[in-house]
Amino acid sequence: MSSAPPIFTLTGNLLAERTLEFSSWAPGRTQRASRETFQVGGKGINVSRMLTRLGAPNTALCFAGGAPGAESEAWLRAHGFDYRAFATGAPTRSGTVVRGGEHGETTFLGPDVPPDAGAVRACAEFLDAQPSGAVLAVCGSLPGWAAADFDVLRDTLHRWPERGSLIVDTYGPPLVWLANEAAAFVRVNRTELETLFTPAERKLSGGELLRRARLHWRALRWAVSDGPAPVWFIAEHSDPETLPVPGVRQVSATGSGDVMLACVLFARFHRGLSWRDAVAWSLPYAAANAAHAGVAEFPLPSW
C-alpha cells in the first residue's frame with residue numbers, strides 16, 4: 001500500500017527479562033549459567049519487534065519505572081526501537097528465563113506492576129494527540145485496569161474506533177471490556193477466548209464460540225489460535241472458518257502469538273490484504289517463531 005497508517009503498540013506490563021543458559025540444570029541446587037542475556041519483553045514490545053523486522057514503521061508505547069525500567073529503555077534505544085515510555089513510580093517488573101539441558105524452557109515472572117495515575121494520564125494524552133487514521137494495538141495484560149486511574153485511558157480507547165483502527169490482543173478484565181468496543185480485530189488464544197463464556201459454553205467448538213462472540217460483543221473480527229491446531233477466524237459478515245498452521249518442531253512458543261499479530265498488521269496495512277488473508281499470511285511466521293528460541297529472531301520466510 002502506498003500510504004500505510006501509523007501503528008502504535010501499547011504494552012501495559014513491560015518486562016525486564018534475563019535469560020540464563022545452562023548445559024544442564026536441576027531444581028534444588030546452586031548452578032552457574034554458561035551464558036546470560038538481557039532483553040525487554042511484553043506483548044506489545046514483541047509485536048513492535050516483529051513489525052520492525054518486516055520493515056513496518058511503528059511506535060512502542062509502554063510504562064517504565066525504577067532501575068529495571070531504565071535498563072529496559074536503554075535496551076530499546078540500543079536495539080533501534082521507536083518508543084515512548086511513560087514514567088511510573090514503581091520499578092518495572094523483572095523476569096528470568098532458564099534454558100538448556102533436558103528440562104523445558106522455564107520462565108519466572110515477577111509480580112505485575114500497575115502504572116501510576118500520572119503515567120496512565122500521560123499515555124492517554126499522548127494517544128489523544130495522534131492524528132486520525134492510526135492503528136492502535138492494545139497488547140497483553142494491563143495491571144490496575146479496574147482502578148479509577150484507568151478511566152482516562154478507557155475513555156481514549158472507547159473513542160479510538162471513531163478515528164482509527166483498534167486492535168486487541170489482551171486477556172482478563174481488559175479483554176472483557178475491549179471485546180465490547182468496536183475493535184477492528186481481536187487476536188486471542190483459545191484459553192483467553194473461553195474466559196468470555198460460561199463453563200458450559202467452553203465445551204463448544206471454536207467456530208460456535210466465535211458465532212456467539214459476534215452476537216454478544218461489538219468487535220468486528222476475531223482470530224483464535226490454539227497451539228499447533230488450525231486458527232479459527234470470523235469476520236463481520238462471514239461464517240467462521242479454520243486456517244491451517246504449518247507443522248514445525250516446537251522449540252519455544254513464547255511470542256508466537258505476538259509474531260502472528262505483527263504479521264497480520266503488516267499484511268493488512270502494508271500489503272493491503274483482506275483481514276482473512278492477512279491472518280493466513282501470518283501463520284507461517286508464527287510457526288517459524290515457535291521453531292526457534294527467542295522472539296522474532298527466526299529467519300524470515302520469503303514472500
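Qualifying chymotrypsin sites (Phe, Trp or Tyr not before Pro) in the range 185-271, where qualification requires a DSSP coil assignment and no more than 11 other C-beta atoms within 10 Å, are lacking entirely. Taking DSSP loops as anything outside H, G, I, E and B, show the longest stretch in the chain free of GluC sites (Glu not before Pro) there with at most 11 other beta carbons within 10 Å. It runs 103-235. Stretching R249 away from L215 to a fully extended chain increases their span by 8.5 nm, per 0.36 nm per residue minus the current alpha-carbon distance. Compute the distance from the alpha-carbon center of the range 99-146 to that of the range 1-49, in whole Å. Result: 13 Å between the Cα centres. Overall, the anisotropy analysis places the range 33-119 in the oblate class: the square-rooted eigenvalues a ≥ b ≥ c of its C-alpha gyration tensor yield a/c not less than 1.5, with a/b not exceeding b/c. Distance from the alpha carbon centroid of the range 152-180 to that of the range 203-228 works out to 17 angstrom. Working note: Karplus 6.51/-1.76/1.60 with θ = phi - 60° gives the range 129-144 the couplings 7, 7, x, 5, x, 6, 9, 10, 9, 8, 10, x, 6, 10, x, x Hz, where Gly and Pro are set to x.
Every number here is computed from the coordinates shown, using simple stated rules; none is lab data. No experiment lies behind these values; they were computed from the predicted model shown. Cβ coordinates were reconstructed from backbone atoms using ideal geometry, including for glycine residues, and neighbour counts include every protein chain displayed.
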